[in-house]
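Report on the structure given below.
The values are calculated or read from the model by the stated rules, or taken from the named source; none is laboratory data. All values reported here derive from a predicted model rather than from experimental measurement. Virtual Cβ from ideal backbone geometry, glycine too; neighbours counted across all protein chains shown. We work out accessible area using only protein heavy atoms, side chains counted, and drop any ligands, DNA or RNA first. Shrake-Rupley method; radii C 1.70, N 1.55, O 1.52, S 1.80 Å.
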Amino acid sequence: MMNTTVQNSFLETANAIAARLCRDAIWNSKRCNWLGASMDYLLNNWTVTESSFGPDLYTGTSGIALFLGKMYQLTPEKLYRQTAEAAIEHTLSRLPELPPEVRSGFYSGCTGIGYILVRLGEIFDHQDWLEKGLKILAERSQDDLSKQQLDVVSGIAGAIPALLSVYQQYPQDVLLEAANRYGEYLLSKANKNDYGWSWTTLEMPGEVQQQDLTGFSHGAAGIAWALLELYQQTKQESFLVAAEAGFRYEQNWYNPQYENWPDLRNFQQGTTTGTNPTPSYGVAWCHGAPGIGFSRLRAYEILGKPDYQHQAEAAIRTTIKSLQQPATGAESYCLCHGFTGNTELLLYASRVLGNAEYKSIAEQVGWRGIEHYEKNRIPWSCGVMGGGETPGLMLGLAGIGYFYLRLYDPQLAPSMLIILPETD
């Protein structure tokens, strides 16, 4: 059982981060926003820039509002509510500016914003937010799918579990119809071969991509997971067939030496000297073992097949090794590709597999962050390399705070790295 002092330290850390976000908010009448680091592709190079943020869940004001809303639900501190409400006012004012190609997306688009409005509408008893969130989600049935991306971060795969989660609480047929429509479109866009199905999702500027990606955020793991959730809801066999074919494609790339799956964004063919391809192996929610572990744990939870448990356990071992390596000072604590996101896998695994040791390791990682950053009053290492602290959910302080809130009370704050049915 967790030491009470340590548990209280998790809440104190979440509180300190929430207070800092409220302090740093930039207000304009009834709206607020933040300044922070971003990565922009300028002059053929990824460059760190300082800017305000849009409405999205990934880096924008809706994701920050979610964390502050959850903190208000627990504490309740009026400043958290006021700042969250102002952040949502900014979100709503910027909603029309989202690019058409990400409007269906969960982390980058309208689906995530609709989802957050529903959840904060429940917390704050804002019926108008709840109705607005449901309306935004219902409108996804009208999206032009030919303009949408396919993946979890920006595309329709990430939208499916969110639509299903809300549908289970608010059973409006249009929500299930939108999720089904997305699923059918994913089936139609699958690249099928003898060893599985995959999807062409991400084009990196200036890079050669020769294979469909593995991984959760942009690859086969995330899309297969979304289709599996759709099968779980509808029992439509074609979604199960596609999900398992996606897992097979990904497993074809599995390297038992590394107990990991390659990041095919950087996969290059051998040179004229005949060298073999040498892919890299990520260890993050977005690319590599931790995110893939999420998908396999959920597959095991739904289907009960031992192969998925074994694949998940390989991902967990690789993730634990990365978390237990000596600190270099350069490690990010962000959700997307940092320690907190990787540790989330252990929190999920402790529940699915009933292994208390995983939760203990997660708590140790949390305590290590407190010892290094919070107690020394130094800026948290966030997800924009060379950018310092940034406020958002997936790359910055709001996500780090959300992680510590989950360590304190996981029932209050469900994971935002894998959207599960509310009944789970």
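On the beta carbon distance between GLN168 and GLU357, with R0 = 35 Å, the FRET formula returns roughly 0.65. Distance between the 7 Å Cα→Cβ label points at THR5 and ARG23: 2.5 nm. Each other residue within a Cβ distance under 15 Å of ALA314 adds +1 if Lys or Arg and -1 if Asp or Glu, for a net charge of 0.
For LYS30, a cut-off of 14 angstrom between C-alpha atoms picks up these aspartates and glutamates, skipping any fewer than 8 places away in its own chain: GLU85, GLU89. Please work out whether the chain counts as rounded, prolate or oblate from its C-alpha gyration tensor, where a ≥ b ≥ c are the square roots of the eigenvalues and a/c under 1.5 means rounded, while otherwise a/b larger than b/c means prolate and anything else oblate? In terms of gyration-tensor shape, rounded.
Roll a 1.4 Å probe over the protein chains and send me the accessible area per residue for the range 1-134 in Å².
44 Å²
In the range 1-145, a dipole from Cβ-located charges (positive for Lys and Arg, negative for Asp and Glu) runs towards its positive end, and of TRP129, PHE10, SER104 it is PHE10 whose Cα lies farthest in that direction.
May I ask you to derive the FRET efficiency for GLU422 and SER93 from their Cβ-Cβ distance with R0 = 25 Å, giving the value to the nearest 0.05? Don't skip to the answer; put the middle values down first.
Numbers: r = 29 Å, r/R0 = 1.15.
Computed FRET efficiency for GLU422 and SER93: 0.30.
Of the listed peptides 342-354, 278-290, what is their order by residue-averaged count of other C-beta atoms within 10 Å, with the highest listed first? Each step should come with its number before you reach the end.
Details: 342-354: 21.5, 278-290: 23.3.
Highest mean packing first, the order is 278-290, 342-354.
Taking label positions 7 Å along the Cα-Cβ direction at both LEU35 and ASN255, the computed distance is 4.2 nm, reported to one decimal.
Which order do peptides 183-190, 110-117, 393-400 fall in by mean Cβ count within 10 Å, highest first?
Values: 183-190: 17.9, 110-117: 27.8, 393-400: 29.9.
Taking the mean over residues of other Cβ atoms within 10 Å, the ranking is 393-400, 110-117, 183-190.
Ignoring ligands, DNA and RNA, what percent of the 1.4 Å accessible area of the chain is carbon and sulfur? Heavy-atom surface of the chain belonging to carbon and sulfur, 1.4 Å probe: 49 percent.
In the structure shown, the pairs LYS132/LYS235; LYS235/LYS305; LYS132/LYS189 are assessed against 21 Å; a Cα-Cα span above that value is assigned to LYS132/LYS235; LYS132/LYS189.
Applying the Karplus relation 6.51 cos²θ - 1.76 cosθ + 1.60 with θ = phi - 60° to the range 68-79 yields 3J(HN,Hα) values of 5, x, 5, 5, 5, 4, 8, 7, x, 9, 4, 5 Hz, where x marks Gly and Pro.
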